[in-house]
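What follows is a set of notes on a single structure, which appears directly below.
The values are calculated or read from the model by the stated rules, or taken from the named source; none is laboratory data. What you see is a predicted model; the values in this text were computed from it and never measured. Note that we place each Cβ from the backbone using ideal geometry, even for glycine, and neighbour counts take in every protein chain shown.
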Amino acid sequence: MPQHPLPEVPAVRLVLASASPARLTTLQAAGVRPAVVVSTVDEDLALAEATERYGRLVAADVALLLARAKAEDVASTNDLDAVVLGCDSVLELDGEVHGKPADPDEARRRWRRMRGRTGVLHTGHWLVDDRDEDGGATLGATASTTVHFARLTDEEIDDYVATGEPLLVAGAFTIDGLGGAFVTAIEGDHHNVVGLSLPLLRELLADAGIGWFDVVGGAAGDDQG
């Protein structure tokens, strides 16, 4: 069968409003070459204001709220002529919401609770179509994946935290890095655990009238901050 190369320039430019290397790598592996423009959202402030207005938010809503804040911040403060994607991930354990640990002690405490147990990783996705000056589609959804954690020893926890990796990611673990050895099973989209659900992104693009292959192709975008 003849092969058709991907277009050099995608029909629709995608901007990733996230500094996450894992999200960028996930998109690139799927043939999407987004530009990266990191938002300046104060996540703690945004969450505090939302909690004051709406009351306590469940974990999935926290992820979606912050994803929307990031996408709207980048779309409103830059002239991009693109579709902006914001993402945010949190881990739900015992009904509590966990983002990145504040320090190694918190990461160790977190892992001592997580080991041998099950949590749910929620990733909010929000799209803002910034191609039309009159405003295009703005929509989002949250993907949730159940994660089963191995029974780590105290020594393994100490060694893992010492690598610094748990301090950089929501939930204090990765599935595509050193932490992959400590995840025994997942239920749901594994891309979502990395930080971006490709199937959900495709569905959101379709809802906005954009085909998946409209955003595929092109050279890697420049990091703009």
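Only one entry in L24, L45 is under 24 Å from A63 (Cα atoms) and within 14 Å of the chain's Cα centre (by Cα), namely L24.
For A63, the conditions (1) of a type in the set (G, A, S); (2) closer than 28 Å to D214 by Cα; (3) surrounded by fewer than 22 Cβ atoms within 10 Å (Cβ to Cβ) all hold with the exception of (3). For region 129-145, the criterion of being at pLDDT 95 or above, in a loop (DSSP other than H, G, I, E, B) and out of contact with any strand residue (DSSP E or B) (no Cβ under 7 Å at 6 or more places or on another chain) is satisfied by no residue at all. Contact map, region 99-115: residues that are farther than 27 Å from L64 by Cβ paired with residues that are exposed (fewer than 14 other Cβ atoms within 10 Å of the Cβ), Cβ distance under 6 Å, separation 6+ or inter-chain. Pairs shown: R115/R151.
Within region 183-212, residues that are buried (at least 18 other Cβ atoms within 10 Å of the Cβ) reach partners that are basic (K, R) with beta carbons closer than 7 Å, at six or more positions or on different chains, in the pairs G195/R23; L196/R23.
A single entry from S39, S76 fulfils the requirement of being within 19 Å of G140 (Cα to Cα) and free of Cβ contacts under 8 Å to residues at least 12 places away in the same chain: S76.
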